Every structure is written in C-alpha cells, then in structure tokens.
C-alpha cells in the first residue's frame, strides 16, 4: 500500500522533537567544534572534515559538496528513502502520534509502522532461542566446536550472541507460532521459515547450523549467518533478503568495530565471520567481515565515515583462492583507489592461513605488525603481476610489461602514476640501474603517449577586431553570486524583504532556474516575517515536492563568515541588485558589440552608427552600475 499523505501537524511535530545531532551521529562520527559539530561528509569522499551540523538551527551543511538540509533531508539522502517514509520512521522513534489527510487509512498506516518493529522483535527472540539451544544437550557439538576448534571463550560467544539451530525441521517454527503466537507471515518476512512446495506447511530456514547473528549499525539483529556442522552445502548460509537485511549493504561486526575504526583511523575487512570474531577476541577490534560478497560502494562508504584518512585494509588468504577473493572483494572500490580517494592496502597472511588460523599460531602483536606493513593495493597488484615470472625470458618479460602498462593507464593522479612508472621500470631493469631511465621512458610512452602534430595549421584570415576598452566579466558566475546573495539576505534578514521585493518588481528578476523556483516558493510564504520558520518550511516543501536542493541548500545555512557579512546586508542588497542588472547590461553590450563589429560602415553607415550609439549607452550604464557597487560582491559570498 502506498503511504498516505501526512498531516502537516505530524510533520511539524516530528521536526520539533527530532535532534539532528542524534540523527547524524548514527551515520557520521561528529566532533564538537565551537557551537557546532563537524565530521567527514557522508555524501562525498573527503579527507578533511567539511561537514557541519548546527544544533541551534537543526540543520547540516557540507562546505565541500554543498549538501544541506534538516534531519529529514539527511535521512532521505542517506537511506535513499521518501519524505513520508523518513517522517514515519522518525515519528515512531520520537513517539509522535501520526495523523494523515485520509483518516480512514490511519489504521493501515499504523500497521505498516509497526511491521518493522515486529520484525526486529521476532529476530531478537529467535536470536535468544538459538543462544539457549546452544547450551542444551542438542547444542553440545556446536559449543564444543566453538571452544575447541575456534578457541573461543564463553565471554566472546556471549558477546557475539552465537547460537545453534536444532536439527529438526520445525523447532523454531513451533516455538514462535505455537508458544509465542507470532503470525506465520511475520516469520516468513523475517527470513526464519520457508513454505513447503506443497503450500500446506512451513519449515525452518536454518537447521543443524551454528548461528551467527548479524546486527545493523544500531546493534539490532537483522539476520543470521549459519555454518553447517556437517557436510551440508552451502557451508555458510545467510538469511534471505528482507525488509531489514540485504547482505550487499551490511558489514558484519561494524556495530562493534566503528568506535575503534574511528580511534585508529583504519578499517580492516576480512573474509569470514570467524576471522572477524577471532580478531575481536584478540583485542583487534577495528575489523569487519564482508559476508562473502564483493564490497559494494554502500559498504565502503559506511566504513569510510569512520576513518578520516580513508585507510582500508583487505585481509584475505595468501593462496590462489585468497588472491581471487581479494580481487573479487575489491569490486567497486577499484575506481576509488585508482583516483586516490581510498588508501587501500592488501594483507595476505603467510602460510595460506586466514586470520582465525593465524591467531592460533601467532600473537595479536604479530598480526598488528603485518597490518602495519601491508602493501598498498597498487604495489600488491604489481607483486601479483611479477609473481612466478622469469623476466629473463623474452615472452614472460613482454607479458609482464604489457600488464604493467594496462595497470598504469588506470591511475588518474599523474604524481602517483609517475611514481609507479619508476617502480615498474626498476623491476623490468632486473637490477641494472642504467636501464631504469630507458624502461621508464618506454613505459611512459605507452601510458601517456605524446601526440606530435607537425602538420602546419592552415592560416586563417584574421579579421581586424575593433577593440573595447570596457572589461567584461563572467556573467554566469556574477549572476550566480548576486542572485544567491539576494536570496540569502531575504531568507535571514526579514527587515530587508520589502526592499528586495520592490526591486524584483521594478528593476531585475531571477534568471537562473533554481533561484527562480526558490523565489516562487518564497512568495508562497511572503506573509511570514520570521526567518527561521520560513527557512524550515521551505526545506520541508522542497522535500515534499521531491525537488533537488543541492543548488540552493547552502542559502539556508549561515556559518560565522556569512553571519558577519549579513551585518552589511543593506550594502549587500544594493550590490547584488546592481550586479544582476549589470549582467543583463553586459549581455546587451556584447550583442551590440558583435553587431557593430560585423557591420561595415562603408556599406551601411547608418546601421553601424546605430549599433555604436546603443553600445555607448550600455557602456555608460555599466559604468554607472559599477559605481553603485561600493564593495566587491565576492566579499559576501
């Protein structure tokens, strides 16, 4: 069912109760700076924080990518959710009664609101059931496996909520339906049971498996991973995709690792559940697992929110399967790494071990040392290219050189590319330093060939241009700044609204479409004189209309500089209007200049003279407008 339209009172009540710092903190590591909070922007990749959250204004703004808005807008962008979905979720979290514009649909809406909560509840109870079963006689083999084979103590088993799914086909089904009285449909939506082909009954999705609960970033159970204790395939079975669980978007143990990742400024990704559990048990807690899938951009962005330097280490087995797993896991990260937006390293443990096996033989300090010395991804790739190759053999030398060229071409940053050209040249020179420059030149010519065009360009007839003593500016840039300044003053300085409105009625108008649309929305609330409420309502209207706010969101937010600048709002209004009018004059000036230059006075003297007079009039007006601009507009932007 489509979510009905929400009553404005509900929307307003949610906005009043929500705390934007709490909301953003669930997705971004924030640090207090003055009266605001700052962190790394979740909407674009950056190394230094440019993302600011204002508790007093209840808005966020990124000075890097211009993303901005209120708590509702933030959750819409992060979760790719609709306006109504976000408001409903916030209403549930902050216990706001929900009203709709279609009262008859309210009961159905409340049912939808409670569905996710019921799924969280039933998954939590299932987790407790599996934990209880682990300590019963039927779970003895599973517990013995954890303690003997995996070397896990009871504290770690409890910390990760490990459990056991009984062998029988309907144990969990009977417990939840017959004893706890949950609807069968709810169990199926939670991914805990499946309907038989005969359609007349259900069976447990997990049977005779060691159960590993998977949590979301808030620590709520959203699914399970089940490891077989016998020969059943697959060896590991994940929950099916549900409303709560999507294995391509979830990282195992991120809820437990996020604080350490932020503290150490480094995230480690391993291949399996027990690799992550073993490392956490050993005190290495900046570790997550990828659930056996290639890392998606969603997963990478989740991790990078907690590390300012974007340090990411992939730890997979050193054997052929581990190498393939590393290449598969990199997935969509590759482009980020080639552009230098992620500091990606690869750790292959010695002796073909995984992290869990390694810690059975070596100490956590040994593992930390390996992490510290893990090669950068590009270095690792070069190592893979030359591994088991005899460069003294001509055919193998040529194959390695071609693969190196293919790799080098993918590196966007010229400084990084030059570094690796020299590194590859060293390897191809086989220790003979005299050959390094020759090999480097050869690689460079293939990676970034120089196109020499020795064919003379045909001479073009040069038309004599009549010069203009009047300097012209970039009209688009000037117009963008002037219109933005005028709108910012209108939004935040109610005392200047009448003067701005009169000027827009008589002298100028907004030319850029995003500014023109915002002005139309402002006119709807023209009778409101309170800046904060006007800004809040405009943001909400943009969200309800599903409009793109990126081009205007920076106008809703004031930092310390723009607050100081608005102390000169009167001069700003005058300068902005003069600049907007100047841009229009410039356009006419250029038109008349072009027409005058293209007219031969010997053939059509009167037309040439007419264009010259129009040109002169616009030039005089431009000079007059420049005098009206008492200070530089850019000082206020």
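Bear in mind these aren't lab numbers, they're just calculated from the coordinates by the rules spelled out. Values in this document were obtained by computation on a predicted structure and should not be read as measured data. Here Cβ is always computed from backbone atoms with ideal geometry, including for glycine, and neighbour counts include all displayed protein chains.
Find how much the distance from residue 588 to residue 414 grows on full extension, using 0.36 nm per residue of separation minus their present alpha carbon separation; answer in nm with one decimal.
Values: separation 174, 0.36 × 174 = 62.64 nm, distance 4.30 nm.
Residue separation times 0.36 nm, minus the Cα-Cα distance, leaves 58.3 nm.
Using Cα atoms only, what is the angle between the long axis of helix 414-428 and the major principal axis of the chain, expressed in degrees (0 to 90) to the nearest 10?
Result, in degrees: 50.
What is the fewest-to-most order of 12, 495 by other Cβ atoms lying within 10 Å of their Cβ?
Details: 12 14, 495 11.
By the 10 Å Cβ count, ascending: 495, 12.
Between the helical axis of 531-544 and the dominant principal axis of the chain, each derived from Cα atoms, what acute angle in degrees is found, rounded to the nearest 10?
60
Scan (i) 42.5; (ii) 46.1; (iii) 30.6 for the value of mean projected area of the Cα convex hull in nm² calculated from this model and give just the label.
Given (i) 42.5; (ii) 46.1; (iii) 30.6, the calculated one carries the label (i).
Take peptides 615-623, 30-38, 267-275, 81-89 and line them up by average Cβ neighbours within 10 Å, highest first, as a rough protection proxy. Before the final figure, lay out each step's value.
Working: 615-623: 16.0, 30-38: 14.1, 267-275: 25.4, 81-89: 19.2.
Highest to lowest by the protection proxy: 267-275, 81-89, 615-623, 30-38.
I'd like to compare 254-264, 67-77: which one has the highest average count of other Cβ atoms within 10 Å, and what's the full order after that?
In descending order of packing, they fall as 67-77, 254-264.
Given contacts defined as C-alpha pairs under 8 Å and at least six residues apart, what's the relative contact order of the chain, whole-number percent? List each step's numbers first, then the result.
On the way: 861 pairs, mean separation 58.5, N = 637.
Averaging sequence separation for qualifying contacts and normalising by length gives 9 percent for the chain.
Run the quick spin-label model on residue 31 and residue 118: label points 7 Å from Cα toward the beta carbon, then report their separation in nm to one decimal.
4.6
Give the angle, between 0 and 90 degrees and rounded to the nearest 10, that separates the Cα long axis of helix 106-134 from the longest principal axis of the Cα atoms of the chain.
Roughly 40 degrees, rounded to the nearest 10.
Determine, for each peptide in 481-488, 351-358, the mean count of other beta carbons within 10 angstrom over its residues, then list the peptides with the highest first.
481-488, 351-358
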